[in-house]
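Read through the structure below, which is laid out as structure tokens, and then see the notes.
The values are calculated or read from the model by the stated rules, or taken from the named source; none is laboratory data. Just so it is clear, the model here is predicted, and its values are computed rather than measured. Cβ atoms come from the backbone with ideal geometry, glycine included; neighbour counts cover every protein chain shown.
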């Protein structure tokens, strides 16, 4: 696949979403349930699951094979982002960086799309990622 291949671009976004799922799972364990950040992590996790499904559907529609060339969440070994305790600010900083990386993959994928439906799905995810980035700001 070429760097501007629409299927490869969707797959790259899907892979990044799967990485962020792992990050959010770790963060969820570090942030006390009574913190506002914990509620944002719940919202983000729900969106990540939805995005994963949408991206797998789009990958299929574009003729790709989701997860054929990448491990699923269960098959990935996540880095230990916070070996000890983590403050809400530590969690916000790391997740904001990871969402910024996801946003960059989304921008590349949107730019490479020739399929209107895939472009629309990617654009919706892109807007939602921006909302989560804003919500993670202290």
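Regarding segment 59-66, can at least one residue be identified that is on the phi < 0 side of the Ramachandran plot, in a loop (DSSP other than H, G, I, E, B) and out of contact with any helix residue (DSSP H, G or I) (no Cβ under 6 Å at 6 or more places or on another chain)?
Yes, segment 59-66 has at least one match.
Tell me yes or no: at least one residue of segment 45-54 is over 24 Å from residue 131 (Cβ atoms) and surrounded by 18 or more Cβ atoms within 10 Å (Cβ to Cβ).
No, because not a single residue in segment 45-54 is over 24 Å from residue 131 (Cβ atoms) and surrounded by 18 or more Cβ atoms within 10 Å (Cβ to Cβ).
Among the residues in segment 67-75, are any surrounded by 14 or more Cβ atoms within 10 Å (Cβ to Cβ) and either under 19 Å from residue 27 (Cα atoms) or modelled with pLDDT of 90 or more (or both)?
Yes, there is a match, as at least one residue in segment 67-75 is surrounded by 14 or more Cβ atoms within 10 Å (Cβ to Cβ) and either under 19 Å from residue 27 (Cα atoms) or modelled with pLDDT of 90 or more (or both).
Identify, from the list 106, 99, 95, 81, the residue that is surrounded by 11 or more Cβ atoms within 10 Å (Cβ to Cβ) and more than 14 Å from residue 24 (Cα to Cα).
106
Give me a count of the residues in segment 82-93 that are in contact with a helix residue (DSSP H, G or I) (Cβ under 7 Å, 6 or more places away or on another chain) and not in a loop (DSSP other than H, G, I, E, B).
3
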